[in-house]
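Below is one structure, written out as structure tokens; the observations come after it.
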Amino acid sequence: MPRRMLVSAWAVCVLLSAVPVHGQALDPPPATLQRIRAALERPPSRLQVSVPPAEAPTFRVDVLVPFSATRSIDEPPFDPTWGLPSAGELIAGGIGKIGSAVGGYKRHRAERRARKEVQDALTAFCAVHACP
């Protein structure tokens, strides 16, 4: 069956379903005394709805499982690293130590050179002048 035929058959079904059938009306007729009396004279339906009691029901819940805490509240949570530093902390700490070692070496070298320069100047001065 071609697709075009299926679409047109579907459209016809939709259009026909919207048309009211004989005996159906779009709006129900207004309630009249005759219709109400006729409905009251019919036997009641088999479906019965019970009237709720005057007092509200009371619900009760019993908890049968005792409360159990898996760990103490004062206990610190589990640390999966066991307090060891991470790789990033090790690398950052290593780089920091290398940087401080280089800086310390440069500072000590500058101090040694300054001390040597002062010692050489003092030795030259004492060679010319009498120093105790």
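We did not get these values from a lab; they are worked out from the coordinates using the rules stated. Values in this document were obtained by computation on a predicted structure and should not be read as measured data. Glycine gets a Cβ as well: all are built from the backbone with ideal geometry, and neighbour counts include every protein chain shown.
Across the range 77-132, the qualifying residues are those that are surrounded by 10 or more Cβ atoms within 10 Å (Cβ to Cβ) and among the polar types (S, T, N, Q), and the one among them that is nearest to the chain's Cα centre (by Cα) is Ser100. For the range 32-40, check the following and say yes or no: at least one residue is without any contact (Cβ under 8 Å) to a residue 12 or more places away in the chain, outside any helix (DSSP H, G or I) and not acidic (Asp, Glu). Taking every residue of the range 32-40 in turn, at least one turns out to be without any contact (Cβ under 8 Å) to a residue 12 or more places away in the chain, outside any helix (DSSP H, G or I) and not acidic (Asp, Glu).
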